[in-house]
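Reviewing the structure listed below.
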Amino acid sequence: MKKRHRPSAAAPGRPRLWGRHPVAAALANPARRPLKLWATREAAARLAPPAGLPVTLADVADLGRLVPADAPHQGLVLEVEPLAPAWLDELLALPGDAPLLVLDQVTDPHNVGAILRSAAAFGARGIVTQDRHSPPESGALARAASGALEVMPWARVVNLARALDEIAAAGFWRIGLAGEADRTLGAALGSPRVALVLGAEGEGLRPNTAAHCDELARLPISPLVESLNVSNAAAVALYAVAARS
């Protein structure tokens, strides 16, 4: 039954997603448990929410109070349960040579969302982050991912160095992206199975993470630019892996 009243604060640990693509992708994901939808009448009519989902009709101003200032909610806000994380060993056991992305303390949700989107676009098998140094699910992250949060496996691990050891044991060549490396990424792409390891903007890879890579490689960017945003670097690196064949 649809009803109308002012929205309330989010329950702890329950992200709110906003915008047409993130909300539609979440509702289409059988692994996602939607809890409540706020929508304008027009947006609700276009979306056709599933039966049984509580829907609150609200005006644009009320929806704006549910999301960060100036967030482009497009008339839709969905409260959900967080997705269960993927298991690293399941990602490593997937058949084929799809690359794996490992993020070393990349904490900005917009960057992680954009990386998820590129990972989905170029057919990566998933991403791996350290649980304590990666962003939780959020509307901003889902918006940057443009639906990819719902389809790209995301393994959160306790110890990134130990995870890199497991990745090597599964037959992956671990390439850490570093601007100071001697070899370019194209020259380092010899092994069929590749794990691309990217560090946070500014700091780059931590020394211990770099020590757990098989080699370091750089993107062949112009000297006019010091470095790329980590999400842009991830997209370029994934393209290089996809284009080598």
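The values are calculated or read from the model by the stated rules, or taken from the named source; none is laboratory data. Model, not experiment: these values are computed from the prediction. Cβ coordinates were reconstructed from backbone atoms using ideal geometry, including for glycine residues, and neighbour counts include every protein chain displayed.
The single condition among (1) within 17 Å of the chain's Cα centre (by Cα); (2) at pLDDT 95 or above that ALA163 does not meet is (1).
Touching a Leu at 6+ places or on another chain (Cβ under 8 Å) and modelled with pLDDT of 95 or more: does that describe GLY123? In short, no. In the range 206-228, the residues that are over 12 Å from ILE175 (Cα atoms) and without any contact (Cβ under 8 Å) to a residue 40 or more places away in the chain reach residues that are among the β-branched types (Val, Ile, Thr) and surrounded by 11 or more Cβ atoms within 10 Å (Cβ to Cβ) with C-beta atoms within less than 6 angstrom, at least six apart or across chains, in these pairs: PRO220/THR184.
The C-beta contact set for the range 189-203 (first residue surrounded by 14 or more Cβ atoms within 10 Å (Cβ to Cβ), second residue assigned to a loop (DSSP other than H, G, I, E, B) and among the aliphatic types (A, V, I, L, M), distance under 7 angstrom, 6+ apart or interchain) comprises VAL197/LEU205; LEU198/VAL106; GLY199/LEU205; ALA200/VAL106. Can you tell me which residue among ARG162, ARG156 is of a type outside the set (A, V, I, L, M, F, W, C) and either assigned to a helix (DSSP H, G or I) or surrounded by 20 or more Cβ atoms within 10 Å (Cβ to Cβ) (or both)? ARG162 is the lone residue from the list that is of a type outside the set (A, V, I, L, M, F, W, C) and either assigned to a helix (DSSP H, G or I) or surrounded by 20 or more Cβ atoms within 10 Å (Cβ to Cβ) (or both).
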